[in-house]
Number of protein chains: 2
Amino acid sequence: MTELPARVSLREVGPRDGLQNEDPIPTAAKVDLIEALSATGLRRIEAVSFVHPAAIPQMADADEVWTGVRPRDSVRYSALVPNRRGLQRALAAGFVDLEVVISASDTHNRENIKRGTDESLAGLPELAELAHAGGATLQLIVSTAWGCPYEGEVPVERVLRVVKQGVAAGVDSLAFGDTTGMATPTRVTRLVGEVRAAHPDSPIGLHFHNTRGTGLANVYAALQLGVDDFDAAVAGLGGCPYAPGASGNIATEEVVSMLEDMGVETGVDLEALLEVAGMAEAYVGHPAPSQVLRAGPRWKTVPRPPAD
Amino acid sequence: MTELPARVSLREVGPRDGLQNEDPIPTAAKVDLIEALSATGLRRIEAVSFVHPAAIPQMADADEVWTGVRPRDSVRYSALVPNRRGLQRALAAGFVDLEVVISASDTHNRENIKRGTDESLAGLPELAELAHAGGATLQLIVSTAWGCPYEGEVPVERVLRVVKQGVAAGVDSLAFGDTTGMATPTRVTRLVGEVRAAHPDSPIGLHFHNTRGTGLANVYAALQLGVDDFDAAVAGLGGCPYAPGASGNIATEEVVSMLEDMGVETGVDLEALLEVAGMAEAYVGHPAPSQVLRAGPRWKTVPRPPAD
């Protein structure tokens, strides 16, 4: 059997990617959530995004949220930035790990940030330069990497073209987003293989959504390739803006449950994380799609009913 | 990359394992469901179980259901039988593919059929003989093969002991049930490897539940070992009796969606199956946990919203 990585680095994206696709919750709740997540053993948390408040009202209080959080030394907190203005706000707030999302699908990029993919790519060298000048790293997250809700199939070649320009622009690492859960294990294997072949020195992280149930299968496929960097959202927060009722991000507790059982260390205390997942579910006010939140850890047994 | 099987044989278990864990639905609805499933390209359907009506009221009308169904030549229909009486009823009804479930966990077996695992195993040779004398095949389904809701861990050795006695009893094939979704890919790989090493000539099928989100990851792990026989339930019918709100069987349309996208042929028309999944959801009267039912096939695109 293929050797799996001994440990993985999870980035918790519930406070940003998760909450961005839920009805807005109070600033204090966001602060609570980030602090509670910080106590579970998670070592990376995407805390906020510095986007225009008219574009994403859910993130309008990013500065207030971050001011409210007492950060832990054990956690690296990151922020998503859409453009130069957001990047400057993130640096001013003290973030040293930044992410920028560019969609491999031109239609999706235009819907998302009102610019074509090429225009976004043209601005990337400046963003990388500003991030580095400010002492921060910049990750390029390529979204719709396995398909687009508007365009359908996204050829691997288009993803590779975005990656090539990102690497040339000087980004520090790459991530690939399965925006609407269109990836399957063989597609994951192909894309990771091609990106590595072209850019063997670029660190790769993967961001799966469970929109069609394949989230953990894709994680398993990637683990077999040695990928050790995954995004996930506590309680599976976020849903899918294109399919009401469908799942969004893979649930962090489902990832932790599967990985730890397979001997892949995450550093996360699953029982503590499940408490936070319950808190997150209460904050958003509807049942979360996380199966492990419903069923509990696999070591949880039920009492045998009394004999008839 | 590991070569995957070119095709798999799916057994649809929604009408039996699925409906057994839902509130009872009318006989005519069961007939409708079986006939509709038969028209999707599925080639095997577990139609009913012949259990005592006091034990499982949901299956009390098994004879009426089966009398009502107009079977298709393209489909093999099977029945679950708990004991000699049930087996005789199934043969009398004309079934030629029968299944018997024995739990590797003694506690679970007692809760399920009021007998210990050893007692069930002791009766197996007679069941196999009766099935064969009646011109039918008998499959042994080993439940709680990766863990038990009452006992927790179930050692592989206990599963192998059940298998050994089943093979000695003359069963025609083996299946392994992940009764409450405690399997993960490495556990699947280990069990399949050990069973094959001990019984290289016994055909193996796998029956996964998605109770903790790992259902499709387990399918992918098994595919990589060349396993080509899986159970699944339309719409993910069934839930989990031990964890209210948690998923039960993996959803057939999620399996079909992932496999066909990976070039593994199932013979099933996904769009037709999704119509039946919607029908099944309506019959049980609550939202089904199937993600592909919510999100649609991966080739379904959404219209781009009008420009601002």
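Quick note: the coordinates plus some simple rules give every number you see, no bench work behind them. Predicted model, so just to flag it, every value in this text is computed and none were measured. We place every Cβ from the backbone using ideal geometry, glycine too, and count neighbours over all the protein chains shown.
Out of the DSSP beta bridges found with both residues in the protein assembly as shown, what percent are antiparallel (nearest 5)? Beta bridges within the protein assembly as shown, antiparallel portion: roughly 5 percent. Over all Cα atoms in the range B:196-308, the spread is summed up by Rg and Dmax: 16.1, 66 Å.
Sorted from nearest, the other copies put their B:Ser9 label points 4.7 nm away, the label point being 7 Å from Cα in the direction of Cβ.
Along its first, second and third principal axes, ordered by size, the range A:94-246 spans 41, 34, 33 Å in Cα coordinates.
Calculate how steeply helix B:156-169 sits against the longest principal axis of the alpha-carbon atoms of chain B, using the helix alpha-carbon long axis, and give the answer as 0 to 90 degrees to the nearest 10. Approximately 70 degrees, to the nearest ten. Between the C-alpha center of the range A:130-201 and that of the range B:55-88 there is a gap of 51 Å. With contacts taken as Cα pairs under 8 Å at a separation of at least 6 residues, the range B:9-295 carries a relative contact order of 19 percent. Between the Cα long axis of helix B:185-198 and the first principal axis of chain B there is an angle of about 40°, rounded to the nearest 10. Largest mean-square fluctuation among A:Ala79, A:Ala197, A:Ala169, in a Gaussian network model of chain A whose springs join Cα atoms under 10 Å apart, belongs to A:Ala197.
Averaged over the residues of peptide A:236-246, the number of Cβ atoms from other protein chains lying within 10 Å of each residue's Cβ is 3. State the percent of C-alpha pairs, over all pairs in the range B:9-295, separated by a distance greater than 24 angstrom. Percentage above 24 Å: 45.
Each DSSP beta bridge with both residues in chain A is either parallel or antiparallel, and the antiparallel ones are about 5%. Mean partner shielding of peptide A:215-227, defined as the number of other chain Cβ atoms within 10 Å of each residue Cβ, is 5.
Output, in nm with one decimal and in ascending order, the distances from the B:Lys300 label point to the matching label points of the other copies (7 Å from Cα along Cα-to-Cβ). Ordered by increasing distance: 3.1 nm.
Put a dot 7 Å past the Cα of B:Asp118, heading toward its Cβ, do the same for B:His199, and the two dots end up 2.0 nm apart. Mean separation of Cα pairs under 8 Å and 6 or more residues apart, divided by the residue count, gives the range B:1-59 a relative contact order of 48 percent. Within the protein assembly as shown, the proportion of Cα pairs with more than 37 Å between them is 34 percent. Across the range A:170-308, the relative contact order, built from alpha-carbon pairs under 8 Å that are at least six residues apart, equals 21 percent. Look at the stretch B:254-267: the mean tally of other chain Cβ atoms within 10 Å of its residues' Cβ atoms is 3. Peptides A:210-220, A:98-108, B:35-45, B:14-24 ranked from most to least packed, by the mean per-residue count of other Cβ atoms within 10 Å: A:210-220, A:98-108, B:14-24, B:35-45.
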